[in-house]
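> I have a structure I would like to understand better, so I am pasting it below and will then ask my questions one at a time.
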Amino acid sequence: MFGWVVLGILAAIVLLFIVLYNRLVALRQTRENAFSDIDVQLKQRYNLVPQLVETVKGYANHEQEVFQNVTNARAQVGAAKGATGERVQAENALGGALMGLLAVAENYPDLKADQNFRRLMDELSDLENKIAAARRFFNNATAEYNTATEQFPAVLIANSFGFQKKEFFELDEAEAALVQKAPEVKF
């Protein structure tokens, strides 16, 4: 009788271990899938940047520093891979450089009236909205994963099998300030 009780307790512990381990694996996969969603949107933005730069260049040839910033930021994004801090910084730099490019575009009324520029701006706006939504989902998945790796008894399994706390995909201060700035409306 005592042997069956011990065997039942061991079976329950093993079952708990399996359930917790599988939950951590599933949360890690959800987080990685969420980053893949962000990555798709970021690649579309990355591919849109040269078209936008060329359109603005046609109107503002003397704004070389702005164009160089966008080009450099785009190159950094191309070099950074995965859901790393380096990638997040590179994407934030590209977002900031794009904001600079858009600020230059504000100074050229003919550019703002250009059909190609307006189409590109609409695409960029749509992409930025999709990126924001994907970023929220990714950060939620990251929070859920991080919480699961820190809760007892899962923390024992997480530490034993290398489940480590992951970084969020956050806006840098400059990009956050631009996003939070209220739009200016003129009549």
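> Sort out which residues of the stretch 79-134 are part of a helix (DSSP H, G or I), under 16 Å from the mean Cα position of the chain (by Cα) and of a type in the set (D, E, K, R), and write them in order of number.
Of everything in the stretch 79-134, those that are part of a helix (DSSP H, G or I), under 16 Å from the mean Cα position of the chain (by Cα) and of a type in the set (D, E, K, R) turn out to be Glu86, Arg87, Glu91, Asp126, Glu128, Lys130.
> Condition (residue is closer than 30 Å to Asn116 by Cβ, of a type outside the set (S, T, N, Q) and at pLDDT 85 or above) applied to the stretch 15-28: is it met by at least one residue?
Pass one, the stretch 15-28, residues closer than 30 Å to Asn116 by Cβ: none.
Within the stretch 15-28 (the criterion being closer than 30 Å to Asn116 by Cβ, of a type outside the set (S, T, N, Q) and at pLDDT 85 or above), the answer is no, since none of the residues qualifies.
> Which of the residues belonging to the stretch 59-78 are among the small types (Gly, Ala, Ser) and in a loop (DSSP other than H, G, I, E, B)? Give the derivation first.
Taking the stretch 59-78 first, the residues among the small types (Gly, Ala, Ser) are 60, 73, 75, 78.
Within the stretch 59-78, just Ala60 meets the criteria.
> Could you tell me which of the residues Val56, Val49, Val5 is surrounded by fewer than 16 Cβ atoms within 10 Å (Cβ to Cβ), out of contact with any Phe, Trp or Tyr (no Cβ under 6 Å at 6 or more places or on another chain) and assigned to a helix (DSSP H, G or I)? Even if it seems obvious, please write down each step before you answer.
Working: Val56 fails: surrounded by fewer than 16 Cβ atoms within 10 Å (Cβ to Cβ); Val49 fails: surrounded by fewer than 16 Cβ atoms within 10 Å (Cβ to Cβ).
Of the residues listed, the single one that is surrounded by fewer than 16 Cβ atoms within 10 Å (Cβ to Cβ), out of contact with any Phe, Trp or Tyr (no Cβ under 6 Å at 6 or more places or on another chain) and assigned to a helix (DSSP H, G or I) is Val5.
> If you don't mind, another one. Being more than 23 Å from the chain's Cα centre (by Cα) and farther than 30 Å from Glu150 by Cα narrows it down to one residue among Gln64, Gln76, Gln41; which is it? Even if it seems obvious, please write down each step before you answer.
On the way: Gln76 fails: more than 23 Å from the chain's Cα centre (by Cα); Gln41 fails: more than 23 Å from the chain's Cα centre (by Cα).
On inspection, the qualifying residue turns out to be Gln64.
> Now a separate question. Quick one: what pairs do we get from the stretch 103-119, first residue without any contact (Cβ under 8 Å) to a residue 40 or more places away in the chain and of a type outside the set (Asp, Glu), second crowded, with 16+ Cβ neighbours inside 10 Å and part of a helix (DSSP H, G or I), C-beta under 9 Å, 6+ apart or different chains?
Ala103/Val66; Lys112/Ala105; Lys112/Met121
> Those residues that are in a helix (DSSP H, G or I) and either of a type in the set (Val, Ile, Thr) or out of contact with any helix residue (DSSP H, G or I) (no Cβ under 6 Å at 6 or more places or on another chain) (or both), I need them from the stretch 151-169; list them, please.
Selection gives Val155, Leu156, Ile157, Asn159, Ser160.
> Going through Arg31, Arg87 one at a time, which residue ends up being buried (at least 18 other Cβ atoms within 10 Å of the Cβ), touching a Lys or Arg at 6+ places or on another chain (Cβ under 9 Å) and modelled with pLDDT of 90 or more? Explain how you work it out, then say what you get.
On the way: Arg87 fails: modelled with pLDDT of 90 or more.
One residue alone meets the criteria, Arg31.
> Sticking with this structure for a sec: Determine the pairs where a residue that is closer than 14 Å to Pro153 by Cβ, located within the stretch 1-22, has a partner that is among the small types (Gly, Ala, Ser) and at pLDDT 90 or above with Cβ atoms under 7 Å apart, the partner being 6 or more residues away or on another chain.
Leu20/Ala154
> Just to verify a result, which residue in the stretch 90-133, among those that are closer than 27 Å to Asp37 by Cα and of a type in the set (D, E, K, R), is modelled with the lowest pLDDT?
Ranking the candidates gives Arg118 first.
> Only one residue in Ala148, Ala143 is surrounded by 17 or more Cβ atoms within 10 Å (Cβ to Cβ), of a type outside the set (Val, Ile, Thr), in contact (Cβ under 8 Å) with a residue 12 or more places away in the chain and in a helix (DSSP H, G or I), so which one is that? Working first, answer last.
On the way: Ala143 fails: surrounded by 17 or more Cβ atoms within 10 Å (Cβ to Cβ).
Unique residue meeting the criteria: Ala148.
The values are calculated or read from the model by the stated rules, or taken from the named source; none is laboratory data. Computed from a predicted structure; not experimentally measured. Counting neighbours? That spans all protein chains shown, and the Cβs are built from the backbone with ideal geometry, glycine included.
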